[in-house]
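Chemist: Got a structure for you, written out below as structure tokens; questions coming shortly.
Read the figures in this text as sums done on the coordinates, not as results from a lab. Since the structure is predicted, the reported quantities are computational estimates derived from the model, not experimental observations. Note that each Cβ is placed from the backbone with ideal geometry, even for glycine, and that neighbours are counted across all protein chains shown.
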Amino acid sequence: MAKNFDSMEDSNRSSNASIHDISDPSRRTVLRGSAAVAIGSLLAGCALPGAIGAKLAEPDVPVVAVVGDGGFMYTVQELMTAIELQLPIPVIIWNNDCLAMIRDGMDANDIPRMAIHPLAPDFPKLAQAFGCQSAAPNSKAELVECVKRALADKGPTLIVINEDSGWLTAE
């Protein structure tokens, strides 16, 4: 029987190297917590495939993928794998319309910025085209409810969080 999900502390979390992993902790209060599965360090795009592997290895444990918009696009095709396998994985996309880790590396090394703003799809429409659910929460409470619903679904759910959303820093 699957565990109840009450917070990020109650789940495995698959994350790749994205700005949400290293940015100011006050910007990601909803995403804090320990991860029973820590994979993806320094590998852009591996969060979703890692989450699929974690869910297959431990089907009764809630698994959440946290990925930047750029990293997600590296392995977007794995969304269909999760759909075909009917894996209830919330895929939280941290959308900043940028390859922020690459941008920050360029800035730190005085390299002129280039090719760091790739075109991204409309993620809810992408989810619909793939045949899975999507959500765009507007508060921490909505995010928790979206994740709970996604964990109870019969497939993955894309949950898009825009980095500039005011609710991320609201008390």
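Chemist: Determine, for each peptide in 61-67, 159-165, the mean count of other beta carbons within 10 angstrom over its residues, then list the peptides with the highest first. Could the numbers behind the result be given before it?
Modeler: On the way: 61-67: 26.0, 159-165: 18.9.
Highest to lowest by the protection proxy: 61-67, 159-165.
Chemist: Would you calculate the separation in nanometres between label points at ARG113 and GLU84, each defined as 7 Å from the Cα along the Cα-to-beta-carbon direction?
Modeler: 3.9
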